[in-house]
Amino acid sequence: MSYSKEKVESILNNGISRRSFLKGLAASGVLTSLPGGILQANEDLNTKIPYIGQKNYQTFRNACPRNCYDTCSIKTYVKDGVMQFIEGAQESTYTRGGCCVKGNSYVKRVYSARRLKYPMMQVGGKGSGNWKRVSWDYAMETIAKKLLEMKKEDGTLLGAALTKYSGNFGITHYGVEGMFSSIGYTTRLAGTPCWPAGIDAQNLDMGDMWCNDPEEMKDSKFIILWGVNPASNSVHSMKYIYEAKKKGAKVVVIDPIFTEAASKASQYIQIKTGTDGLLALGMAKIIIDANLHDQKWLDANSKGYKEYKAYLDKEIKLDNVSKITGIPLAMIKELALSFAKAKPATIWMGYGMQRHTNGGSMIRAIDAFVAVSGNIGKYAGGARYGHLSTWGFNYAALSQTKPEGSVGYTGLSSIKGEFAKESGEKAAYTDRSLNINKTARELLNAKEPKVRLLWVACKNVFSQDFDRNQLIRTFQQLDLVVVADQFFNETAKWADIVLPVATQFEEYDVNVSYWHYWMTLNEQAIKPLFEVKSDVEIAALLSKHMNKLESGSCTFPQSVDTKAMTIKEFNPGIYEQFGIKSWEELKNGPVKAKAVIPYADGKFKTPSGKFEFYSDKALELFGNALPSYVEVRKPYDKFRMTSPHSRWSLHSQFQNLEWMEDMHPEPYAYINPDDAEAKMVQEGDTIAVFNKQGLLRVKAKITDNVQSGTVLLYEQWYNNNIYNVNELVDDTSSDMGAFKTGAPGVALHDTFVNFRKL
Amino acid sequence: MQTLQPQNSQRLDELKYLRDIFNAQNSKELKRAFDALDSLISISEEDLEVQFNRYFVGPMETVADPFASVYLDNPDVFMSKTTLHVRDLYETMGFTYSLKNVVPEDHLGVELDAYYQLLFLEEAKEITYLSDLRHYFLHEHLALWIPRFLERGLAQSEHASAAMIFILMQLKSLLIRETTTTRSS
């Protein structure tokens, strides 16, 4: 071969050589002779000495929009239009310069070779794997035609259903719901599989779900992490817990599982699953009997304390509490009394605890214990569950009007969601709500009209919903399933059309947290890769095609800019709450809401305006006015199965990336050594975990982190693996959720299984 | 245009058709380029595209990703060091790329386009100014990753496709021919 590698590398790496080479190139007539293709001759060839060294980074503000307590504020470093790395924003005292391993993998996620790149249509039928590329126009015209055909045939668009949840919590992503509102009255999978029982419980007790700032925990004197594992799932909160501990606070973890957080605590108390409410009631009785309750606060701020105390006196026997919870009485007493003596003291309640048939009742019992101890409305105190107090945006993308003459459902109230609610105005028609926690069955059973089109956004149905076999039957029966996502997952496998969606780095948005009090602007840092589009751009394109086919059939703007959409979400209330004059100040970094201590003024949004031990609403809706002991679901098989979040994924997100696959390549069943011995199972054996719902084949890991009688399997999606723990979960409801979120939650952790060695 | 030797004309044409296969935006473009290679394989437009997507596009995990960086830097990621090196090479060759930061420069279709245009300059226009760069691109880049891409594509047994194997074998022949052909006079 007749070329000099050194000569070429000199041209590439030496500015003077390159200038000389490019000058020659410009003068030689080469450029006019190139035939042209995807690459074109550069008519504006820069023949100045190029800067060969390191180019400067451009920086952008971003937010992690995942369904996570921490909602990190991110700073993104971009060079020549390519993301190089991200870091946690230093400006946020919560994120404090660091992200978790999932956040730190964002560059790999954005540039993952496995991203969906083009709109595609499955031509051989759902699940065939025969995919054809289609243009955006073709895809959207196909969907628009189907919608209009359904409207013509049914006289309504209730045959079009939307399931969307927590894949992206950016505020403009409510434009997906807005898109569905803008075409008419439709069917919505409503409710939440996440935290509804607890939301209802807190609302019954306090009229709101509103937690203290987690950064205050550094000054707490006693912290109970009750069924929550922040060392794994809210890593930024741990620094406040460590600081409190360093200053002498006691940190106790109460959990059926010996978690990462338990390993960092002063004390770990292993409780029998589903008995937490009883423990809280027992603890309340102990501190009242010891006269360590805050009578003054209770007199001024509560309703029904007398009835509550009478219930404790009559019904709660401490020996029984000990026996049922599995915790020695002396330990319970020590825990209750030391909590009551420490001021301020706080309890952080996890969401797993309320995923039981008695979940809401357990949160109510713990709220009541914190109230009795006098820690509600106190700095560094509180019964912490979550909050939405910083979510007061305009929801401009969400709020779309129905086309004139739209016909919908009659007689029922409008859709609810925990984050953003659509207008609750009384209308002749409403959308049709189906329970998101019974997706497969509800979609299949919906009649008059039956559901024919399903749009899936920000959600991996086959990973997060229940009854996979039923889901497959349901999807196969639908005329058209559209899945908008960033990766090809099990849900996309059963779609007719997949639409590639932008990551947060390819669009504008704004994010807040349901835990901390920071707000972060999300700037577009890079061009959208391949043909990906943001959810609101997809909505606009659908509107364009709907209106082209039938003018006035969709009210969503036909052209949108994600930056302009984001700006529309701000209002004076948000500016006031965060102490800024304009959204542009967020370009300098995230800002924190002005400090406020929930309920410090003694004002509760309950009907009585007080903390309600006795709730008429609870009596009306759930048949029990007081926080009281409700037995958990009876076992229907030999072992309880619990399916918590793992630290390597956020539901079904992230696990498909290299780092996570490297650390955690496959699912395992975690089994107590006693149970393993009884079943003659050894570490690494492949076992079948099964029940009346289904069967999973997984390898066993033997650990006494899990108590005897329980099998633990993480919920998440593993790439190239059909494992889905929800195949074993029936859709039995938790006790609460319908009050505030439209539907009860799912009693996920009241699943029972058996297992055997294969 | 200067008269091309038939073998050089064929060399350019085959390169162009392969380029067009990997840059096809739809089944029609794909079929046209595929048929131009005279495969003697009878296949419908739709089947061809379905099989092509299964191998190289997605949306499911592909058999062989057509990005150099996947073979030279990290099997899961594109837009990495190799992509930026190729970007730099294109800029030095005098190209602009309208899909910069949208489709990585080291996508096989784009690389075949660059190589085709450089070869065209030499063979059809007898301009050798970029010849060193073409050879460098071939020997120091294309020849480093395309064999690994071919290996992965040809090792596929489930859903093996005669049409895709043909495309890969054509690419293999092209690579062998180009890496063993010295500059033509």
Please enumerate the residues belonging to segment A:518-536 that are within 23 Å of A:ALA113 (Cα to Cα), away from chain B (no Cβ under 14 Å) and not in a loop (DSSP other than H, G, I, E, B). A:ASP535
Could you name every one of the helices (runs of 4 or more DSSP H) located completely within segment A:538-654 that has at least 3 residues being in contact with a Gly (Cβ under 9 Å, 6 or more places away or on another chain) and not hydroxyl-bearing (Ser, Thr, Tyr)? A:572-578
Selection from segment B:89-108 of residues within 7 Å of another protein chain (Cβ to nearest Cβ) and in contact with a Pro (Cβ under 8 Å, 6 or more places away or on another chain) yields B:VAL102
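Table: residues versus (1) surrounded by fewer than 24 Cβ atoms within 10 Å (Cβ to Cβ); (2) assigned to a helix (DSSP H, G or I).
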position	(1), (2)
A:LEU189	no, no
A:THR192	no, no
A:GLU215	yes, yes
A:ILE223	no, no
A:ALA231	yes, yes
A:ILE241	no, yes
A:ALA244	yes, yes
A:GLY248	yes, no
A:VAL253	no, no
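This table checks each residue for (1) crowded, with 24+ Cβ neighbours inside 10 Å; (2) over 30 Å from A:GLY382 (Cα atoms); (3) over 24 Å from the mean Cα position of the chain (by Cα).
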residue: A:LEU478; (1), (2), (3): no, yes, yes
residue: A:ALA492; (1), (2), (3): yes, yes, no
residue: A:ASN511; (1), (2), (3): yes, no, no
residue: A:TRP518; (1), (2), (3): yes, no, no
residue: A:LYS533; (1), (2), (3): no, yes, no
residue: A:SER543; (1), (2), (3): yes, yes, yes
residue: A:MET565; (1), (2), (3): yes, yes, no
Positions within segment A:486-517 being among the hydroxyl-bearing types (Ser, Thr, Tyr) and in a loop (DSSP other than H, G, I, E, B), in sequence order: A:THR503, A:TYR508, A:SER513, A:TYR514, A:TYR517
If A:SER263 satisfies all but one of (1) closer than 22 Å to A:SER708 by Cβ; (2) crowded, with 19+ Cβ neighbours inside 10 Å; (3) in contact with a helix residue (DSSP H, G or I) (Cβ under 8 Å, 6 or more places away or on another chain), what's the number of the condition it fails? (2)
Unique match (being surrounded by 16 or more Cβ atoms within 10 Å (Cβ to Cβ) and more than 7 Å from chain A (Cβ to nearest Cβ)) among B:VAL63, B:VAL50: B:VAL63
Scanning segment B:17-30 for residues that are in a helix (DSSP H, G or I) and within 12 Å of chain A (Cβ to nearest Cβ) gives B:ARG19, B:ASP20, B:PHE22, B:ASN23, B:SER27, B:LYS28, B:GLU29, B:LEU30
Taking the condition within 11 Å of chain A (Cβ to nearest Cβ), in contact with a strand residue (DSSP E or B) (Cβ under 8 Å, 6 or more places away or on another chain) and among the polar types (S, T, N, Q), does B:ASN74 pass? no
Reported set for segment A:194-209 where residues are among the hydrophobic types (A, V, I, L, M, F, W, C) and assigned to a helix (DSSP H, G or I) is A:ALA197, A:ILE199, A:ALA201, A:LEU204, A:MET206
So is A:SER423 modelled with pLDDT under 95 and under 30 Å from A:ASN203 (Cβ atoms) or not? yes
Sole residue being more than 14 Å from every other protein chain (Cβ to nearest Cβ) and among the β-branched types (Val, Ile, Thr), chosen from A:VAL498, A:VAL560: A:VAL560
For segment A:550-574, which residues satisfy the criterion of being of a type in the set (Phe, Trp, Tyr) and touching a Lys or Arg at 6+ places or on another chain (Cβ under 6 Å)? none
Checking the condition on the phi > 0 side of the Ramachandran plot, among the charged types (D, E, K, R) and touching a residue at least 40 places away in the same chain (Cβ under 8 Å), which residue from A:ASP467, A:ASP496, A:ASP485 passes? A:ASP467
Taking segment A:664-682 and keeping residues under 13 Å from A:LEU713 (Cβ atoms) and acidic (Asp, Glu) leaves A:GLU666
Could you list, in sequence order, the residues of segment A:109-159 that are small (Gly, Ala, Ser), part of a loop (DSSP other than H, G, I, E, B) and buried (at least 18 other Cβ atoms within 10 Å of the Cβ)? A:ALA113, A:GLY159
Can B:PHE137 be described as among the aromatic types (Phe, Trp, Tyr) and more than 8 Å from every other protein chain (Cβ to nearest Cβ)? yes
Out of all the residues in segment A:155-165, is one or more of a type outside the set (A, V, I, L, M, F, W, C), modelled with pLDDT under 95 and under 30 Å from A:ALA525 (Cβ atoms)? yes
Answer yes or no as to whether B:LEU84 is in a helix (DSSP H, G or I) and over 17 Å from the mean Cα position of the chain (by Cα). yes
Quick one: in segment B:117-130, which of the residues that are of a type outside the set (Val, Ile, Thr) and at the interface with chain A (Cβ under 7 Å from one of its Cβ atoms) is farthest from A:ALA525 (Cα to Cα)? B:LYS125
Name, by its number, the condition in (1) within 13 Å of the chain's Cα centre (by Cα); (2) assigned to a helix (DSSP H, G or I) that does not hold for B:SER9. (1)
What are the residues in segment A:170-203 that are among the hydrophobic types (A, V, I, L, M, F, W, C) and farther than 27 Å from A:PRO403 by Cα, if any? A:CYS194, A:TRP195, A:ALA197, A:ILE199, A:ALA201
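The values are calculated or read from the model by the stated rules, or taken from the named source; none is laboratory data. Only a predicted model underlies this, so the values are computations on that prediction, with no experimental measurement involved. A quick note on method: Cβ atoms are made from the backbone with ideal geometry, for glycine too, and the neighbour counts reach across all protein chains shown.
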